[in-house]
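Participant: Here it is, the structure in full.
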Amino acid sequence: MCNPRKITARATRKIAEAWRAAIQRTARASGSVTGRASLTQQLGSMLAEPARRAFEQAVAADPNWQLVGEGYVLGVPGGQARYLPGTGELDISVELSAYVEAEGTASRVLEGTVEETYEASAQARYYADGYGGRTRDVAQQEARTLAQQEADRRAEAGAGRARQKAERKAQDALAADSSVAADAERDAQARLAVERERRGEELNREAEALLERVQRESLRGVWQTVALGYQNALVAYARANGGHDISVSRSGGSIQVQFQMEA
């Protein structure tokens, strides 16, 4: 028997823990949409010159007509009329508005793997002459077995940590991937554009259907202002020429101006 010798064996174990993050985001977009319809009446050709002058004088003094830019605007149920003295045109328009909204979504799946490596080593003794059966082969097998057992123990102890790391990876992916939210916002905006176009076409048709009634109401307002213009002109004439006992009465859709003048 001689002095014992040592032999060392090493073992390695790898753990792979897969993780998966399913990300889904929702976004909403909203806005307003407007439908319009309009037509132009050549009021200058509809009124004789005296009537037109009386109308324009009355428009300038009538609080129902508001001066906006170069024209006078009359609000009527469902729309408005705008008279341009420079051209004699009466623009009649209807404008309808609505609020629209849309929802967009986006999703993405992120996957990965957390890998952990565990190493262990072990030693065993043997004798060059094989004393007591302790040959090199026996010692090598013993060291290998011990190293493998230790590597297995370390890998088993580390499996929980690997799972925790995988869970953190998935959570970090859910929190960090802002591109999914941006995709959802883009999807919402695209859907909103489609909805606005669809609703806008509906509003245009509704405005066209309403335009005829608004035209009637606008012309009714014009004729009332024309009548008011004649009334003002007659009263001004009477006063300028010594008229007295001036009275103005209205019945139905007519205005009656009475006054007396010396012959």
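Participant: Measure off, as a whole percent, the carbon and sulfur share of the 1.4 Å-probe accessible area of the stretch 88-140, all protein chains present. The partial results should precede the final answer.
Facilitator: On the way: 1160 of 3080 Å².
After summing per-atom areas, the C and S share lands at 38 percent.
Participant: If you find the alpha carbon centre of the stretch 192-218 and of the stretch 119-180, how far apart are they in angstrom?
Facilitator: So the separation of the two Cα centres works out to 76 Å.
Participant: Moving to a separate point now. For the pair T34 and R220, what calculated FRET efficiency results from E = 1/(1 + (r/R0)^6), where r is the Cβ-Cβ distance and R0 = 22 Å, to the nearest 0.05?
Facilitator: Working from the Cβ atoms, E equals 0.30.
Participant: Convert each backbone phi in the stretch 105-111 into a coupling constant with the Karplus relation 6.51 cos²θ - 1.76 cosθ + 1.60 (shift: θ = phi - 60°), then list the ³J(HN,Hα) values in order as whole Hz, x for Gly and Pro.
Facilitator: 9, 8, 9, 7, 10, 10, 9
Participant: Just to make sure I understand: if all protein chains stay in place, what is the order of D152, D62, D137 by accessible area at 1.4 Å, largest first?
Facilitator: Descending accessible area places them as D137, D152, D62.
Participant: Further, regarding this structure: Using the Karplus curve 6.51 cos²θ - 1.76 cosθ + 1.60 with θ = phi - 60°, what ³J(HN,Hα) values do you get for each residue of the stretch 145-150, in whole Hz, with x for Gly and Pro?
Facilitator: Along the stretch 145-150, the couplings run 5, 4, 5, 5, 5, 5 Hz.
Participant: Moving on. With θ set to phi - 60°, apply the Karplus curve 6.51 cos²θ - 1.76 cosθ + 1.60 along the stretch 180-195 and write out the HN-Hα couplings as whole Hz, x wherever there is a Gly or Pro.
Facilitator: Residue by residue, the stretch 180-195 yields 5, 5, 5, 5, 5, 5, 5, 5, 5, 5, 5, 5, 5, 4, 5, 5 Hz.
Participant: Whose amide H sits under 5 Å from the amide H of Q80, counting only residues 5 or more places off or on another chain, with H placed in the peptide plane?
Facilitator: S93
Participant: How much length, in nm to one decimal, is gained on full extension between A181 and T113, taken as 0.36 nm per residue of separation minus their Cα-Cα distance?
Facilitator: Full extension from A181 to T113 adds 22.0 nm.
Participant: Further, regarding this structure: Can you put R144, R205, R220 in order of accessible area, largest first, using a 1.4 Å probe?
Facilitator: R205, R220, R144
The values are calculated or read from the model by the stated rules, or taken from the named source; none is laboratory data. In this text, all values refer to a predicted model and were calculated from it rather than measured experimentally. For neighbour counting, all protein chains shown are included, and Cβ atoms are generated from backbone atoms with ideal geometry for every residue, glycine included. For accessibility, only protein heavy atoms count, side chains too; no ligands or nucleic acids. Shrake-Rupley method; radii C 1.70, N 1.55, O 1.52, S 1.80 Å.
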